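Right, one structure below, let's go through it.
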Amino acid sequence: MNAEEAALQAYYDRDEERDRLSDGRGQLEFIRTTEILMRRLPPPPAVVADIGGGPGRYALWLASLGYQVEHRDLMPLHVSRLQADAAGIPGIRTAVGDARELDLPDASVDAVLLLGPLYHLPQETERTTAIREAARILRPGGPLFAAAISLWAFRIDGIIGVRIYRKHPVTLGMIDEAGPVSRLWGGSNTYASWADSLLTELRRGDQGTLQRLRAHVPRYAAATDASTAELRDARLIIAREAGFPTWWELVARAEKSERDEAERKESWRRLRPEAEALLAGWTWSGPVSIRTAG
């Protein structure tokens, strides 16, 4: 398990996904998604593959309509949750599975839901593999429903939706600087760690990483083996997938982001007593900072 997969596992092990589609915003997502699905789903008892289906909210809904459901999810916790919730409900088969390598036969389902996996797969080659797998198990002419997350999601959802700046005011400055979404998900040490892990996977012969090597390192464009890859090659892959032509440009930008974040945190630390006093209706006796639009 690499660093990205470990972080994903830790997030879903918090067991918050089971009720996510039951609150106000989540319920709206569920209702809108089911409305779209009903436009193109074949009539029951068609077989629908719910790939990356989480704890099974859509699988249970499909089964209630009379569909036969093949549910797969990468997280064992999600599979066990659905097994418990679907006890006594006919038509649901669930198992741990990876969207990139499904255990279902060719042309074995009438429709595929790919509502979760794509935005958890950071590499284009992985997303392509997942879509190809979905197409492989789908009978000719069947619909494939896929979900993605907009580049503007952090601004729209985080700032306008949940108003994350109320708890973390520094995010307003960060998002204005980053544009629609930042390509930098960690500091320079994070990227160095990813490069080390990627090199291990390359030398181990992982086919997915070999494809990444071919795509981003010219001297390996026609390679059939990655065992001779070097750290510089892994670093170049990480840099180019993050949108930078060289490793050192990625590191420089990451280090600048770290410095900028530290400055924002220090600025907030200085302003926090003033802000809290104003929110509480107190009169602030210290120095007042005033920013004007230039």
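The values are calculated or read from the model by the stated rules, or taken from the named source; none is laboratory data. Given the structure is predicted, the values throughout are model-derived calculations rather than measurements. Glycine also receives a Cβ, built like all others from the backbone with ideal geometry; neighbour counts cover every protein chain displayed.
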Limited to segment 147-165, what total is found for residues that are out of contact with any helix residue (DSSP H, G or I) (no Cβ under 6 Å at 6 or more places or on another chain) and either crowded, with 18+ Cβ neighbours inside 10 Å or modelled with pLDDT of 75 or more (or both)?
2
Residue list for segment 215-267, restricted to those being closer than 20 Å to S197 by Cβ, in a helix (DSSP H, G or I) and either in contact with a Leu (Cβ under 7 Å, 6 or more places away or on another chain) or not assigned by TED's automatic domain parsing to the domain that holds L198 (or both)
H216, Y220, L231, D233, A234, I237, I238, A239, W247, A254
Of the numbered conditions (1) surrounded by 12 or more Cβ atoms within 10 Å (Cβ to Cβ); (2) on the phi < 0 side of the Ramachandran plot; (3) not small (G, A, S), M38 satisfies every one except a single condition; which is it?
(1)
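Considering only segment 41-79, state which residues are within 21 Å of A107 (Cα to Cα) and either surrounded by fewer than 19 Cβ atoms within 10 Å (Cβ to Cβ) or outside the structural domain of H120 (by TED's automatic domain parsing) (or both). Before the answer, list the steps.
Taking segment 41-79 first, the residues within 21 Å of A107 (Cα to Cα) are 41-53, 59, 62-63, 66-73.
Once the filter is applied, which keeps residues that are within 21 Å of A107 (Cα to Cα) and either surrounded by fewer than 19 Cβ atoms within 10 Å (Cβ to Cβ) or outside the structural domain of H120 (by TED's automatic domain parsing) (or both), segment 41-79 yields P42, P43, P44, P45, A46, G66, Q68.
Assess whether A239 counts as being among the hydrophobic types (A, V, I, L, M, F, W, C) and modelled with pLDDT under 90.
Values: among the hydrophobic types (A, V, I, L, M, F, W, C): yes; modelled with pLDDT under 90: yes.
The answer is yes for A239.
Of everything in segment 100-118, what is farther than 23 Å from M38 by Cα and out of contact with any Ser or Thr (no Cβ under 6 Å at 6 or more places or on another chain)? Give them in sequence order.
Filtering segment 100-118 down to residues farther than 23 Å from M38 by Cα leaves 100-106.
Passing the criteria: E101, L102, D103, L104, P105, D106.
In segment 80-125, which residues are in a helix (DSSP H, G or I) and surrounded by fewer than 21 Cβ atoms within 10 Å (Cβ to Cβ)? Can you show your working first?
Restricting attention to segment 80-125, the residues satisfying the condition of being in a helix (DSSP H, G or I) are 80-85, 118-120, 124-125.
Hits for segment 80-125 are S80, R81, Q83, A84, D85, L118, Y119, H120, E124, T125.
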Need the failing condition index for L138 against (1) touching a residue at least 24 places away in the same chain (Cβ under 8 Å); (2) surrounded by fewer than 19 Cβ atoms within 10 Å (Cβ to Cβ); (3) out of contact with any helix residue (DSSP H, G or I) (no Cβ under 9 Å at 6 or more places or on another chain), just the number.
(2)
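Working only within segment 106-123, note down all residues that are farther than 15 Å from I149 by Cβ, out of contact with any Gly (no Cβ under 9 Å at 6 or more places or on another chain) and in contact (Cβ under 8 Å) with a residue 60 or more places away in the chain.
At the first step, the residues of segment 106-123 found to be farther than 15 Å from I149 by Cβ are 106-113, 123.
After this cut, where a residue has to be out of contact with any Gly (no Cβ under 9 Å at 6 or more places or on another chain) as well, the list is 106, 108.
Within segment 106-123, just S108 meets the criteria.
Quickly run through segment 18-70 and pick out the residues that are in a helix (DSSP H, G or I) and in contact (Cβ under 8 Å) with a residue 60 or more places away in the chain.
Filtering segment 18-70 down to residues in a helix (DSSP H, G or I) leaves 18-22, 24-40, 57-64.
Passing the criteria: R18, R25, T33, I36, L37, R40.
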